[in-house]
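Undergrad: Input: one structure, supplied below.
The values are calculated or read from the model by the stated rules, or taken from the named source; none is laboratory data. Predicted model, so just to flag it, every value in this text is computed and none were measured. Cβ placement follows ideal geometry from the backbone for every residue including glycine, while neighbour counts extend to all protein chains displayed. Calculation scope for accessible area: heavy atoms of the full protein, side chains included, ligands and nucleic acids excluded. Shrake-Rupley method; radii C 1.70, N 1.55, O 1.52, S 1.80 Å.
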There are 2 protein chains.
Amino acid sequence: MSKRAADNNARKRATTALPDSPPTLEMVAKEAGVSIATVSRIINGTAKVSADRKDAVEAAIAKLNFRPNAAARGLALGKSNTIGVITQAIDSPFYAEGLRGIEDYLQQRGYTALFMSGNWNEADEERCMSELLSRRVDGIIIFSGRLQDRQLATYAKQVPLVVSGRSLKAPNIFSLPVDDERGALLATRHLIELGHTRIAFIAGILDHPDASLRFKGYRRALADAGIAHDPKLVVPGDFHEEGGVEATMRLLKSGHKFTALFCVNDQTAYGACLALYRGGLNCPRDISVVGFDDLHSSSYRVPPLTSVRQSIRVLGESSGAAMLQMLQGERPDISLPQVELIVRESTAAPRKE
Amino acid sequence: MSKRAADNNARKRATTALPDSPPTLEMVAKEAGVSIATVSRIINGTAKVSADRKDAVEAAIAKLNFRPNAAARGLALGKSNTIGVITQAIDSPFYAEGLRGIEDYLQQRGYTALFMSGNWNEADEERCMSELLSRRVDGIIIFSGRLQDRQLATYAKQVPLVVSGRSLKAPNIFSLPVDDERGALLATRHLIELGHTRIAFIAGILDHPDASLRFKGYRRALADAGIAHDPKLVVPGDFHEEGGVEATMRLLKSGHKFTALFCVNDQTAYGACLALYRGGLNCPRDISVVGFDDLHSSSYRVPPLTSVRQSIRVLGESSGAAMLQMLQGERPDISLPQVELIVRESTAAPRKE
DNA sequence: ACACCGGATGTAAGCGCTTACAAATTACGG
DNA sequence: CCGTAATTTGTAAGCGCTTACATCCGGTGT
């Protein structure tokens, strides 16, 4: 609709004098007295061009303040130099750190990241996929989404996929699982070594894979130490602060004794600490608390939170790296650093009764 | 580069059998036995089309799993339905909340937000602008950037701008300033009303406008109450947790007595609380602390932080709304809710000596 | 029965860019 | 100084889409 576009610009120009339609290759070519092919070649360095013309063109570009139209280039090239990224919520501190890693990595390599939030539900996530596909992104990175493996495999037929924080084998998909079980094991074992035996666990959403793997690690640590697992000490949460508060309140009210609390993630731990505080309990004197993720702000909590580090930032960078490798046609050979326990001040030996 | 694009697709198909080149309008038209114009009209509802053809086309679309190519449409229409958003860091909890507001608002109205981080420096911010302009976004929202007013005014000639958290008058720019001074006044007055007279202030970066407005509010509250302002009690920070820690340490070491601490933002307050804890001081018993921004996690701190709320989320939504109004050619009539003080448990009356 | 009209379709141009291919220019060797 | 090869440059087609304009259709009025 050239006509409409032109009309539009004309109208705008007339009304507000503002968005002058941006310069095009053609204008630059005319200004510099060369053909548009030459201009294109100079911009992309696609071929040798005589020095004088080059100067003329560069001058014209500067004068007109020309910027190539990415849409047109994308159309001609059949690629957008854009990587779509789907998370659950852009404002979750957890995802935000990952996004940062992705953005940093991609931006330095000439790619742009396009972020979208799935809002913890499948329908929204599909909407995101659809939008990204429509924009013809070159690849999509999914941060532990809620889409079924089967659906992902289907999408992978249309675009390369990197799935972070999840294990999934399928053609055109690369997954970067986090060692949740080992992290949970480390955390729980740390509490056991401090002398705790009554260790409660605040889980995430029941059927969530991360949650169940962490639960598994928790149980294994207990078993390894010969401590009987008490189901009464396991309560569900929601991966958010609020869930941590509620779960802890429930635990406290239930009357089941415990001296330590392992939380499925840091946000849950934040909530737990608040609930303990409300209950007049001191962390770590009365109850030790361990989180998982080691969010940036965890080291600034009062007291600083002991947590399992799995640098989300690195996860993000690695996802970006894996995607770029896939785009080169290589099989990604990326691996994540091991999870590790960061001991701070929210854990201590249990109080002598 | 039709040739290259075609080659590319052909190659890919041959090698990996994966990214089959996506269906086009033309394919749909052929499949349905109509012209591409008809297909386009059905997709966009641009004109009346007989029912039987419509059914045929819809069937073809479903069968081929067709999704219009956004780049091609953008090129034809001369607009991208995309709004660029520049922040300092996507992983800062402050900006993340704003981004969420923008994303929510725009997405519901058929727009997509494209986020980029300026990393607190002008060069990166310019790079972002350049990239967004190249992508021909329909408008750009800037969250309290570091670009000079003059530069912004220049950019505004090419694209409509909304500048949040900052006051700036210029054609094609709409700014949404936050009432920093009043917020700081409220916070400081609250401390005074509790009985504090020795109130320290941890500032942000020296020349930052937000910081100086908040400083102004702080001084005004003191003046209103007839309390002399002691420059010794004002120390710089960096808007981050670390700056809060350091500033507080310095304050503590200086030996200048104070019973309350007003921090330029919540992150700084988090750091301050940690430093107090390290110094064996209890908040609020020994020292009261107030922040600014009321981040989501502030209500989950131990103790929950008293803070000035200026919902960033709403700021984001409002920015989106203003941008859409500008795009309609209207002058935005958006205004922000008043800042308000949220009193929690990090403030109390000063301890009797 | 015929010219005419309004609405549903189709045809084709153009959005800004890249690049295959042709044309024009330059540099050589004889 | 000319023919030919090696460059540099220009021309034009095509990427997938929208829409102005032409075409075609059945239905009216007379």
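Undergrad: Provide a whole-number value for the mean count of partner chain Cβ atoms within 10 Å of the Cβ atoms in peptide B:297-304.
TA: For peptide B:297-304, the averaged partner shielding equals 6.
Undergrad: Once you list every other residue whose beta carbon is under 15 Å from the beta carbon of A:V34, what net charge do they have if Lys and Arg are +1 and Asp and Glu are -1?
TA: Its environment carries a net charge of +1.
Undergrad: Report, for chain B, the % of DSSP beta bridges that are antiparallel, rounded to 5.
TA: Around 10 percent of the beta bridges assigned by DSSP in chain B are antiparallel ones.
Undergrad: Going down the table (A:K30/A:K63; A:K257/A:K352; A:K232/A:K257; B:K232/B:K352; A:K30/B:K79; A:K157/B:K54), which pairs top 18 Å between alpha carbons?
TA: B:K232/B:K352; A:K30/B:K79; A:K157/B:K54
Undergrad: Just need the relative contact order of chain B here, percent rounded to a whole number, with Cα pairs under 8 Å and 6+ apart.
TA: 14 percent
Undergrad: Only bridges whose two residues both fall in the protein assembly as shown count here: according to DSSP, what percent of them are antiparallel, nearest 5?
TA: Bridges in the protein assembly as shown are about 10 percent antiparallel.
Undergrad: Using a 1.4 Å probe and counting only protein heavy atoms, arrange B:I36, A:I287 so the residue with the most accessible area comes first.
TA: Per-residue accessible area, sorted high to low, gives B:I36, A:I287.
Undergrad: Next question, about the same structure. Any chance you could look up the accessible area of A:D210 with a 1.4 Å probe, heavy atoms only, rounded to 10 Å²?
TA: 30 Å²
Undergrad: Now a separate question. DSSP H helices in chain A with Cα extent of 15 Å or more along the helix axis and mean Kyte-Doolittle hydropathy at least -1.0?
TA: Qualifying helices, which must be both long enough and hydrophobic enough, are A:51-64, A:93-108, A:122-134, A:180-194, A:209-224, A:241-254, A:266-278, A:312-328.
Undergrad: With a 1.4 Å probe and every protein chain left in place, tell me how much accessible area B:I227 has, in Å² to the nearest 10.
TA: Its heavy atoms expose roughly 30 Å² to the probe.
Undergrad: Further question on the same structure: Rounded to the nearest 0.05, what FRET efficiency is calculated for B:N65 and A:R109 with R0 set to 25 Å and r the Cβ-Cβ distance?
TA: Rounded to the nearest 0.05, the efficiency is 0.25.
Undergrad: For chain B, compute the orientation-averaged projected area of the C-alpha convex hull (one quarter of its surface), in nm².
TA: Projected over every direction and averaged, the Cα hull of chain B covers 23.5 nm².
Undergrad: Sum -39500 (n - 2.57) across every DSSP H segment of at least 4 residues in chain B, then divide by the residue count to get the 222 nm mean residue ellipticity, nearest 500.
TA: Rounded to the nearest 500, the figure is -14500 deg cm²/dmol.
Undergrad: Then there is this: In nm, what does the list of distances from B:G45 to its counterparts in the other copies look like, shortest first, when each label sits 7 Å along Cα to Cβ?
TA: 4.8
Undergrad: Considering only the other residues whose Cβ falls under 14 Å of the Cβ of A:D104, what net charge follows from Lys and Arg at +1 and Asp and Glu at -1?
TA: Surrounding charge for A:D104 is -1.
Undergrad: How shielded is B:64-77 by partner chains, expressed as the average number of their Cβ atoms within 10 Å of its Cβ atoms?
TA: The per-residue average across the peptide is 6.
Undergrad: Given label points at 7 Å from Cα along Cα→Cβ, what nm distances, shortest first, separate A:S130 from the same residue in every other copy?
TA: Those separations, rounded to one decimal, come out as 3.7 nm.
Undergrad: Label segment B:180-309 by shape, choosing from rounded, prolate and oblate, from the square roots a ≥ b ≥ c of the eigenvalues of the Cα gyration tensor; if a/c is under 1.5 it is rounded, and otherwise prolate applies when a/b is larger than b/c, oblate when it is not.
TA: Rounded, because the longest to shortest axis ratio a/c is under 1.5.
Undergrad: Turning to a different aspect of this structure: Report, in debye and to the nearest 20, how large the dipole of segment A:52-192 comes out about its Cα centre when Lys and Arg carry +1 and Asp and Glu carry -1 on their Cβ.
TA: It comes to approximately 480 debye.
Undergrad: Are there any trypsin sites (Lys or Arg not before Pro) in segment B:31-79 that are in a DSSP loop and have at most 14 other Cβ atoms within 10 Å? List them by number.
TA: B:K48
Undergrad: What gaps in nm, shortest first, separate A:E26 from its twins in the other copies when you place the label 7 Å past Cα toward the beta carbon?
TA: Nearest first, the other copies' label points are 2.2 nm away.
Undergrad: By the scheme Lys and Arg +1, Asp and Glu -1, what is the net charge of all other residues having a beta-carbon under 14 Å from that of B:L222?
TA: +3
Undergrad: Using a 10 Å cut-off on Cβ to Cβ distances, tally the other chain neighbours for every residue of B:92-98 and report the average as a whole number.
TA: Across the residues of B:92-98, the mean count of other-chain Cβ atoms within 10 Å is 4.
Undergrad: Out of segment A:253-353, which trypsin sites (Lys or Arg not before Pro) are coil in DSSP terms and have no more than 16 other C-beta atoms within 10 Å?
TA: The qualifying sites are A:K257, A:R285, A:R351, A:K352.
Undergrad: May I ask for the distance between the Cα centers of segment A:212-251 and segment A:102-181, given as a whole number of Å?
TA: Going from one Cα centre to the other spans 30 Å.
Undergrad: While we're on this one: Which value, in Å² and to the nearest 10, is the accessible area of A:S35 when all protein chains are kept and the probe is 1.4 Å?
TA: Spelled out: A:S35, probe radius 1.4 Å, area about 60 Å².
Undergrad: In debye, nearest 20, what is the charge dipole magnitude of segment B:180-309 about its Cα centre with +1 on Lys and Arg Cβ and -1 on Asp and Glu Cβ, if you could check?
TA: That gives segment B:180-309 a dipole magnitude of about 480 debye.
Undergrad: Compute, for chain B, the length of the dipole vector about the Cα centre, with Cβ point charges of +1 (Lys, Arg) and -1 (Asp, Glu) only. Units Debye, rounded to 20.
TA: With Lys and Arg at +1 and Asp and Glu at -1, about 580 debye.
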